[in-house]
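Notes follow once the structure below has been shown.
Throughout, read-outs are computed from the coordinates displayed, never taken from laboratory work. No experiment lies behind these values; they were computed from the predicted model shown. Cβ sites come from the backbone with ideal geometry, for glycine too, and all protein chains shown count toward neighbours.
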Amino acid sequence: MRSLILALSLAVLGVAPASAQVVTPAATGGLPEDFQGKVQYFGNHSGEVVATVPGTPRRTDTKCPKREGGCPELIGGSFQAELEFDGDIVKGKYRGTGGMRPSTLIGRRNGANCRLFDTADGSVWSGRCDREAFIGTVRSVPNAPEQIDLAFETVGVNTIDFYERDRTQQLIDAYDRFGGIAFGEGAGESRLDAILQLHGYFVEPGEAYRPGTLRNVERESEKKNSPIYAVYGQYTRIDGVSAWARARFEYDRFVCIETSVEQGFCRPIDSVPPKLEVGEDLFDFTGTAAPAQAY
């Protein structure tokens, strides 16, 4: 599983001036076009808020000397975001300190570039979004009650690949069904079938064993009744191609399996099933909702 948690020293993240221009670095941690999963980010934000509607509550405790309001207000602080990718569709949620209000995002990406819209007021979030960083700017639509000029900069601190997570869970379930037979005793057809069931999770889906197609199974050894032997059989792959497999054993202990899919390589399979990592989510966004106005 490619769930990646980077060890970071966040204390060095500073807040840039509100008028600073964000320079988006070249993307080096691109996500596949068909990526399904989420990335969690941590960093900072800074910007300026102009309340265009009299009576709009200010973000911080700073006072506005103008009776009618309209004083620009500087905001800034830490920033947490989580983006969920389904191909080019992106959904997200964020929160921060120093005047930022939590909300949610939705939009699309083109490679490492995202154009997202805040679900609260339609403001545009644009910039880089990939495994390594979420960096960009926020601009309000003209008729929004508050006009925002905001920059944000974060680094990716956690990546969860849904495909690999689900694939790992399927493999764990397969161990529950076939592990006892695959790593048990004996050299019959049922044992080779169970080993092939597990082997299918280590090759491309179309190249995996199609259950029920195993045939012409025979035991091979240099000497009769040798404790070192192989079990050979033919089968059909999921994609319909004919294939063969040869599982090697020593004193009835499974050693490795070679197939026509990986000809020349005898793949060992651990008798201990993998484990799903727990506590993958670094940030608890439970209860984060889109208020009347965001940022």
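Quick one: 265, 134, fewest Cβ neighbours within 10 Å first, how do they rank?
Going from least to most buried by this count: 265, 134.
Would you mind pulling out the separation of the Cα centroids of the range 180-213 and the range 94-163, in Å?
For the range 180-213 versus the range 94-163, the Cα centre distance is 46 Å.
Give the order of 172, 160, 228 when sorted by the count of other beta carbons within 10 angstrom, beginning with the fewest.
Taking fewest neighbouring Cβ atoms as first place, the list is 228, 172, 160.
Which residue, 197, 184, 163, has the largest displacement toward the positive end of the dipole of the range 153-201 when charges sit on each Cβ (Lys, Arg +1; Asp, Glu -1)?
184
Restricting things to alpha carbons, tell me how big the range 68-209 is in terms of Rg and Dmax, in Å.
When restricted to Cα atoms, the range 68-209 yields Rg and Dmax of 23.9, 87 Å.
Using the Karplus equation 6.51 cos²θ - 1.76 cosθ + 1.60 (θ = phi - 60°), what ³J(HN,Hα) coupling, rounded to whole Hz, does each residue of the range 37-42 give in order, writing x for Gly and Pro?
Whole-Hz 3J(HN,Hα) from phi for the range 37-42: x, 9, 10, 10, 10, 9.
What is the magnitude of the charge dipole of the range 99-240 about its Cα centre, with +1 placed on the Cβ of each Lys and Arg, -1 on the Cβ of each Asp and Glu, and no other charges, expressed in debye to the nearest 20?
For the range 99-240, the charge dipole is close to 200 debye.
Counting only other residues whose beta carbon sits under 12 Å from that of residue 198, what net charge do I get with K and R as +1, D and E as -1?
Net of charged neighbours comes to -1.
Taking only the alpha carbons of the range 124-204, what extent do you get along each of the three principal axes, in Å, biggest first?
Sorted from largest, the Cα extents of the range 124-204 read 74, 22, 19 Å.
Hey, fewest Cβ within 10 Å first, where do 114, 266, 129 land in order?
Listing 114, 266, 129 from fewest to most nearby Cβ atoms yields 266, 114, 129.
What list of whole percents do you get for P(r) of the range 137-184, with Cα-Cα distances grouped in 10 Å bins up to the one holding the largest distance?
Bins of 10 Å from zero give 19, 20, 16, 16, 13, 11, 5, 0 percent of pairs.
With just the Cα atoms of the range 183-262, tell me how far they stretch along each of the three principal axes, in Å, largest first.
The Cα atoms of the range 183-262 stretch 36, 21, 20 Å along their principal axes.
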